[in-house]
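Structure record follows, encoded as structure tokens.
The values are calculated or read from the model by the stated rules, or taken from the named source; none is laboratory data. Quantities reported herein were computed from a predicted structural model and do not represent experimental measurements. Here the Cβ positions follow ideal geometry from the backbone for every residue, glycine too, while neighbour counts run over all protein chains shown. Side chains are part of the model used for accessible areas, which takes the heavy atoms of the whole protein and leaves out ligands, DNA and RNA. Shrake-Rupley method; radii C 1.70, N 1.55, O 1.52, S 1.80 Å.
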Amino acid sequence: MNITLVAPRVPRIRAIAVLVAMIAVAVGSQVAVSLLPRNAANPAVAREGPALDAGLAGVDAPTADSTVLRRIHADIAFWSSRLQRQPKDFVSATEWAAADIELARATGDLAAWDEAERATAQALAANPGYGAAVGYRGTVLLALHRFVEARDMARSILAERPGDPFGLSTLGDASLDLGAYADARAAYEALDRTTRSAASLVRLGRLAYVDGQPERAISLTRDASAAAEVEGAQGERLAWYRCQLGTLLASTGDTTGAEATFMAALTADPRSSLARVGLARLEAAAGRLDAAIAPLGEAISIIPLPDTVARRSDLYELRAQPGDARRAADDRATVEAIARLAGANGAVYDRTLAMYLANHGLEPDRAVAIAQKELAIRTDVDGYDAVAWALLAAGRARDADVVMAKALAVGTRDARLLYHAGMIAAALDDGQRARRLLTSALALDATFDPLQVRRARETLAGLP
């Protein structure tokens with residue numbers, strides 16, 4: 001699609017605070033580039049820097065409409081042309097990176113993350129201590145799943161400036177995704193002591209869920225959502241916080257609360273793709289497949305994330321109306337295409353692809369290889385789960401059982417984990433353990449995956 005660029009207004013550059021002072025941005029100015037578009041009344045105004053929650057949502061943010069996209073492309077053209085004329089202009093390089101981050105989150109285009117990474121590198125080469133560039137680079141590295149680089153960068157920041165909010169948040173986020181939970185906990189708790197905010201609370205909530213404390217996770221995430229409102233969040237940013245709470249409520253069996261929360265997210269941002277995916281999850285669990293497929297289609301039209309496309313393919317398979325087999329096949333081909341087009345950034349979708357292949361019994365050896373490659377770097381609970389599930393798909397139930405034990409040892413109370421463990425036990429003819437795990441999974445959350453929930457129930461019915 002050709003996008004006509006509009007002439008950008010000449011930006012008035014405000015003073016950029018040092019990194020330690022950037023918490024004021026998170027609490028007050030609400031200019032988190034990757035969660036909230038710039039001031040619509042004056043879209044060319046330069047940012048003070050990313051808010052602390054700028055890196056939390058990865059590529060799962062809602063899209064911008066065509067007007068905002070034109071503005072983003074105009075910003076990219078403006079700042080990149082300035083940088084081309086003055087290669088050491090670190091402000092222009094940082095603003096170019098910020099615009100590319102906004103584009104990446106609006107479209108899901110990984111190439112925009114790559115461009116943002118190059119722009120932050122150029123900014124920091126010219127001014128290594130430039131706080132805004134440091135913050136945006138952390139966001140970019142996390143989005144591209146370059147967790148080791150993000151962790152190492154955060155450690156360097158903290159070595160020079162102990163207690164730095166962006167250093168702590170980046171270190172915590174990278175450590176959590178790497179499975180270094182003690183490091184994540186220390187960083188998040190230090191961040192919360194430094195400045196309690198929606199950004200610190202939602203991180204603590206995520207960690208509490210991994211730790212097997214779902215009630216505390218909900219409480220913290222509810223507090224984060226409320227804090228975001230107090231901080232003045234609106235639109236995409238407020239919707240994102242509400243979706244985090246809605247997902248937790250659904251994952252712990254509170255479908256009524258989850259539905260109300262996802263609807264509240266849509267009220268904040270009518271274009272929220274996350275809210276649509278959440279509502280589709282609830283509709284599918286209730287057996288209303290038409291009502292589930294429709295919002296998934298809308299979410300895919302906003303940002304075609306592979307896990308959303310894969311979920312819709314499963315719903316087509318379950319619905320089994322005329323033409324649904326072809327639709328499901330088309331969606332599955334799209335999942336593969338998205339992963340293939342990611343190119344050098346394919347690692348962003350590796351875990352999703354491994355789980356998709358294992359779920360559908362497709363190329364199980366490939367699924368194992370992908371999952372094991374990622375586990376070599378990211379030894380988190382989901383990494384062990386992905387390897388175990390792929391091993392089961394490859395017919396290696398005993399190996400899967402050994403790896404699954406490592407996932408369960410973390411203590412996370414998640415229906416998908418329990419389901420996978422139960423199916424592995426069933427494959428090993430351990431009927432008693434399989435029944436306990438599968439029953440627990442369905443009792444905890446029957447919304448996690450409609451196709452896998454059906455398989456769980458069929459397996460339970462066939463146990464002796």
Quiz item: For region 320-332, which residues satisfy the criterion of being in a helix (DSSP H, G or I) and either within 23 Å of Gly278 (Cα to Cα) or open to solvent by less than 60 Å² (accessible area, probe 1.4 Å) (or both)?
Solution: Asp324, Arg327, Ala328, Ala329, Asp330, Asp331, Arg332
Quiz item: Going through region 158-188 one residue at a time, which ones are farther than 28 Å from Asp445 by Cβ and surrounded by fewer than 22 Cβ atoms within 10 Å (Cβ to Cβ)?
Solution: Leu158, Ala159, Glu160, Arg161, Pro162, Gly163, Asp183, Ala186
Quiz prompt | Single residue of Glu317, Glu298, Glu283 found to be closer than 15 Å to Ala446 by Cα and either in a loop (DSSP other than H, G, I, E, B) or of a type in the set (Asp, Glu) (or both) | solution = Glu283
Practice problem: Any residue in region 322-342 that's touching a residue at least 40 places away in the same chain (Cβ under 8 Å): show its pairings with residues that are of a type in the set (A, V, I, L, M, F, W, C) at Cβ separation under 8 Å, as long as the two are six or more apart or on different chains. | Solution: Ala342/Leu110; Ala342/Val348
Quiz item: Which of the residues belonging to region 270-299 are surrounded by fewer than 24 Cβ atoms within 10 Å (Cβ to Cβ) and at pLDDT below 95?
Solution: Pro270, Arg271
Quiz item: Which residues, counting only those in region 80-112, are in contact (Cβ under 8 Å) with a residue 40 or more places away in the chain and farther than 30 Å from Glu298 by Cα?
Solution: Phe90, Val91, Ala93, Thr94, Glu95
Quiz item: Restricting attention to region 106-146, which residues are part of a helix (DSSP H, G or I), open to solvent by 10 Å² or more (accessible area, probe 1.4 Å) and over 16 Å from Phe166 (Cβ atoms)?
Solution: Thr107, Leu110, Ala111, Asp114, Glu115, Glu117, Arg118, Ala121, Gln122, Ala125, Ala126
Exercise. Only residues that are free of Cβ contacts under 8 Å to residues at least 12 places away in the same chain and open to solvent by less than 40 Å² (accessible area, probe 1.4 Å): list them for region 254-269, please.
Key: Gly257
Quiz item: Between residues in region 388-401 that are closer than 12 Å to Gly422 by Cα and residues that are small (Gly, Ala, Ser) and open to solvent by 40 Å² or more (accessible area, probe 1.4 Å), which pairs lie under 8 Å by C-beta distance while being six or more apart or on different chains?
Solution: Leu392/Ala427; Ala397/Ala427; Ala400/Ala427
Exercise. For region 413-420, state whether one or more residues are on the phi > 0 side of the Ramachandran plot, in contact (Cβ under 8 Å) with a residue 60 or more places away in the chain and assigned to a loop (DSSP other than H, G, I, E, B).
Key: no
Practice problem: Could you please give the count of residues in region 228-248 that are without any contact (Cβ under 8 Å) to a residue 40 or more places away in the chain, crowded, with 24+ Cβ neighbours inside 10 Å and under 23 Å from Thr412 (Cα atoms)? | Solution: 4
Practice problem: Evaluate region 382-389: report whether one residue or more is acidic (Asp, Glu), under 24 Å from Leu451 (Cα atoms), more than 16 Å from the chain's Cα centre (by Cα) and modelled with pLDDT of 95 or more. | Solution: yes
Self-check item: Those helices (runs of 4 or more DSSP H) lying entirely in region 153-225 with at least 2 residues without any contact (Cβ under 8 Å) to a residue 40 or more places away in the chain and under 18 Å from Asp254 (Cα atoms)
Solution: 198-210
Exercise. Count, please, the residues in region 269-291 that happen to be out of contact with any Asp or Glu (no Cβ under 8 Å at 6 or more places or on another chain), farther than 13 Å from Ala258 by Cα and not small (Gly, Ala, Ser).
Key: 3
Practice problem: Confirm whether Ala199 is touching a Phe, Trp or Tyr at 6+ places or on another chain (Cβ under 6 Å) and either among the aromatic types (Phe, Trp, Tyr) or buried (at least 24 other Cβ atoms within 10 Å of the Cβ) (or both). | Solution: no
